[in-house]
1. Give the residue from 294, 408, 448 lying farthest towards the positive end of the charge dipole for the chain; charges sit on Cβ (+1 for Lys and Arg, -1 for Asp and Glu) and the dipole is referred to the Cα centre.
2. Normalized C-alpha radius of gyration of the range 209-335, against 2.2 N^0.38 Å?
3. So what does the Cα-only Debye profile of the chain read at q = 0.06, 0.09 Å⁻¹, as log10 I(q)/I(0), no solvent term?
4. Running Debye on the range 314-457 with equal point scatterers at the Cα sites and no solvent, what base-10 log of I(q)/I(0) appears at q = 0.17 Å⁻¹?
5. Under unit Cβ charges (Lys, Arg +1; Asp, Glu -1), what dipole magnitude, rounded to 20 debye, does the chain have relative to its Cα centre?
6. Find the all-direction average of the projected area of the Cα convex hull for the range 304-363, expressing the result in square nanometres with one decimal place.
7. What is the projected area of the convex hull of the Cα atoms of the range 271-380, averaged over all directions, in nm²?
8. Run the paramagnetic zone check for residue 56: 7 angstrom along Cα to Cβ, then residues of the range 1-31 with backbone nitrogen under 12 Å.
Amino acid sequence: MAEYNVTALGIPLFLFFMLVEYAYLRIRGRDLHRFNDNIASLSMGICLLVSDALLKTFTFAVFIWAWSSHRLFDFASTSWLTWVVFFFGVDFCYYWFHRIAHTYNVLWGAHVGHHQSEEYNLTTALRQSAFQYAFSWVFYLPLAFLGCPPEVFLVQFLVLKAYQFWLHTQAIDRIPLMEGVFSTPSSHRVHHAKNPIYIDKNFGGTLVIWDRVFGTWQPEVAEHPCHYGTTTPLKTWNPVTANLQHWSMLFRDSLHTRSWWDKIRLWFKPTGWRPEDRRRKTTKLQKTGVKNRPKYDPEVSGMTKLYCSISFALLALLVTMFIFLSPQLSARELVFGVVLILAGLVIISQFLEGKFKLRFVEVVRVPALLWFLTVLWTLPISTQVSQKLELAEVTPPQIEVPEETTLSALPWLEKPAVLSGNTPAVQHVTWHANGTQGELEYTLSYELSSFPEHVANILSGRSTLEEGSRSWLEKQL
């Protein structure tokens, strides 16, 4: 499935659960969502997904290289012990990445985006810094050297990230038996709170046993209801500004401070540290926490919100297709898509702040968005399934198949369940001799011409073709 980035298929699922949470809370009379804050959080999530689509191949390739060339031990991916050991290993590495990201200025700049929302709901789960994965992968490399199979790491990491999604809600209270062992919504609310009592606590991903061992555990206290956000408020919905806020402050300080030593060490000092000549009396440091304060909430008209809703819905559709199809796109298409997505997010954020200087850009952006949506919706992609059978003989079997065909004409598949039967396909049978035995390889290449077909191919089409082709091939022998 290397021709697709299947991460994108999770976007509609996440949006569904967010709507369920919103409806549940409203039925219970709790208004814990704000339209502008939700859009800002989802915009940050989009920035992360786009950067992840561009960086993931490189970062995972480094893990595979470290494992294949420098592992100290061999663990079988088929052993339950391997999965148990590296479940704890992945969670342990995440704890230390998360804790260190809160500890030092340079890494806090790559994580702060996750904490900037002054609300706490499922949209907050997707509010992540676009640069976080550019740093976090380094913390997992020890697992590769210890021998964690790449497929085990990938599954465990995805489970870790998926588990954390449901933690970002106020709809669930404390959970008996889980508190103090597993991360729960209650323990993670503490982590996101900016109350002085809660600052820099509960870093655990799936487990909070690491917090209890290393002294960062803090249960939620009824006398101190959580209030959310960062000690220095963001005061914008712009995702680009949000991603660069802390680093831009560090850059300005390093540029203007008089001490050359401070220019360098500023980046590696504890979170919130600033040179003596750059400290402002009104600036709160991250380590101190802050009392509750009014939320950033500029007023805009209902028509503006409606326009932003439609624009964001179209943008979300574009992002889903763009990320899903990113392995198939050219460098020019990738750059164009990123620029188009960022432009849309920035303009929507500006409108939600009541700023309309960029409204004339919409004359170009909207037609470009609709055109690119059409391009991605109808993008043709060639894919294939293959089967290999080892035979204890050196004489190649006589299997004749017409190379040029359609899926509906395959002898072992009368009617594809989700793919068009008229889809052009090419069959090829190859015999590989190997001493006293041989290997028969059957390959079916076929082209898909629309986004729904690409999704259907991933969800069930490919597996149907693989099962049918193997069964048919075995019958020919």
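1. Comparing the listed Cα positions along the dipole, 294 ranks first.
2. The reported ratio for this selection is 1.51.
3. Normalising to I(0) and taking log10 leaves -0.35, -0.74.
4. Results for the range 314-457 at q = 0.17 Å⁻¹ read -0.97.
5. Rounded to the nearest 20 debye, it is 3060 debye.
6. 4.2
7. Its average projected convex-hull area is 11.2 nm².
8. Within reach of a label on residue 56, which here means backbone N under 12 Å from a point 7 Å along Cα→Cβ, the range 1-31 contributes 1-11.
The numbers here are math on the coordinates, done by the rules we state, and not lab data. Since the structure is predicted, the reported quantities are computational estimates derived from the model, not experimental observations. Heads up, the Cβs are rebuilt from the backbone with ideal geometry, glycines too, and the neighbour counts pull from every protein chain shown.
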